[in-house]
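Colleague: Could you have a look at this structure, given as structure tokens, before my questions?
The values are calculated or read from the model by the stated rules, or taken from the named source; none is laboratory data. Here the structure is a predicted model, which is why all the values come from computation and not from measurement. Positions of Cβ are generated from backbone atoms using ideal geometry, with glycine treated the same way; all protein chains shown enter the neighbour counts.
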Amino acid sequence: MFYDYFNEEDFKELCGYEIDGRWYPRVTKIIDIKSKPALYRFYGEAASYNAAKEITENSAKEGTLIHEVVEKLMVGENPEIPDEIKPAIQGYLNFIENKNIHVDKEYVEKRIFHTEHRYAGTIDTLALIDGKFGVLDIKTSQAIYRDYNLQTSAYVEALLSELPSLETRWILRIDQVKKCFRCGGTMRPKGGRNKIRKGKSVLCKEEEHQWSDLTGVTEMQEFPFWKEDFQAFLGAKKLWEWENSYWLKRIGYIN
């Protein structure tokens with residue numbers, strides 16, 4: 001919408017990157033056009049819009065902190081680990097100790113772009129895992145969502161001309177939860193909100209839970225087939241361009 005931004009420069013800064021004198025919209029901004037029912041439900045159930053926004057922003061800050069520490073570890077640094085994310089980081093360290101993961105340090109937090117389809121993004125890293133070479137994307141969400149396939153497919157396609165040996169992609173989820181010794185449920189205290197999920201047995205009543213200390217959770221899934229996802233990404237991009245045509249015309253991205 002034309003009223004979402006103050007001016008052309010505000011739009012360009014918030015929605016994309018200037019690379020070699022040419023502006024490209026960001027992958028993550030493009031896929032924001034997709035509906036997110038779970039997020040809408042969360043906002044609808046919250047005490048107020050401001051309360052929900054505060055939880056979302058605090059959760060994002062924690063996720064960014066985990067991201068930053070993990071990326072420093074990937075390039076061989078020895079960063080200070082804040083107490084509030086130590087369980088998540090320890091979970092990650094335990095996970096990679098038992099996995100054959102080789103990270104390409106040159107591509108950690110690297111800006112990439114696609115000249116033909118004209119979009120850009122920042123990948124977390126490239127990795128060689130069990131003999132396969134691909135994009136490794138880090139998430140700090142409570143689950144691995146299908147939406148991530150749109151983002152990672154765009155990254156793979158943008159890198160193929162430079163790296164034709166690229167063959168797959170992985171989502172590496174890093175989180176931290178408390179576990180109930182009675183019912184097996186989990187409690188995720190992120191962003192100031194305690195999200196409780198049922199375990200294999202019946203969920204305890206609120207006052208009956210016996211929570212463990214905060215424990216790191218790490219899981220990784222491979223998604224080798226990206227062509228169909230990339231077509232869906234291009235569809236999202238077309239819709240995003242339609243939605244933002246006012247600003248895109250103002251900056252000369254479209255006629």
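Colleague: Just to be sure I understand the filter: pairs with C-beta atoms under 7 Å, separated by 6 or more residues or on different chains, first member in the range 137-153 and closer than 17 Å to Pro37 by Cβ and touching a residue at least 40 places away in the same chain (Cβ under 8 Å), second member assigned to a helix (DSSP H, G or I) and among the small types (Gly, Ala, Ser). Which pairs pass?
Modeller: Once the first residue is closer than 17 Å to Pro37 by Cβ and touching a residue at least 40 places away in the same chain (Cβ under 8 Å) and sits in the range 137-153, its partners that are assigned to a helix (DSSP H, G or I) and among the small types (Gly, Ala, Ser) give Leu150/Ala232; Leu150/Ala236.
Colleague: Taking the range 151-172, which residues are under 17 Å from Phe225 (Cβ atoms), outside any helix (DSSP H, G or I) and touching a Ser or Thr at 6+ places or on another chain (Cβ under 9 Å)?
Modeller: Arg169, Trp170, Ile171
Colleague: Could you pull out the residue among Leu65, Leu14, Leu73 that is free of Cβ contacts under 8 Å to residues at least 60 places away in the same chain, of a type outside the set (D, E, K, R) and surrounded by fewer than 16 Cβ atoms within 10 Å (Cβ to Cβ)?
Modeller: After applying the criteria, what remains is Leu14.
Colleague: Here's a follow-up. Just give me the residues in the range 185-237 being over 22 Å from the mean Cα position of the chain (by Cα) and assigned to a helix (DSSP H, G or I), in sequence order.
Modeller: If the condition is that a residue be over 22 Å from the mean Cα position of the chain (by Cα) and assigned to a helix (DSSP H, G or I), then Glu206, Glu207, Glu208 are the ones that fit.
Colleague: Within the range 163-182, is there a residue that is modelled with pLDDT of 90 or more, acidic (Asp, Glu) and under 18 Å from the mean Cα position of the chain (by Cα)?
Modeller: yes
Yes or no, residue by residue, for (1) without any contact (Cβ under 8 Å) to a residue 24 or more places away in the chain; (2) among the hydrophobic types (A, V, I, L, M, F, W, C); (3) under 20 Å from Gly63 (Cα atoms):
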position	(1), (2), (3)
Leu163	no, yes, no
Arg182	no, no, no
Lys195	no, no, yes
Glu222	no, no, no
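Colleague: Before we move on, is Gly91 under 13 Å from Thr218 (Cβ atoms) and surrounded by 12 or more Cβ atoms within 10 Å (Cβ to Cβ)? Please lay out each step first, then the result.
Modeller: Values: under 13 Å from Thr218 (Cβ atoms): yes; surrounded by 12 or more Cβ atoms within 10 Å (Cβ to Cβ): yes.
Here the answer is yes, as Gly91 does meet what is asked.
Colleague: Still on this model: Checking Asn58 against (1) surrounded by 13 or more Cβ atoms within 10 Å (Cβ to Cβ); (2) over 19 Å from the mean Cα position of the chain (by Cα); (3) of a type in the set (S, T, N, Q), which test does it fail?
Modeller: Every listed condition holds for Asn58 apart from (2).
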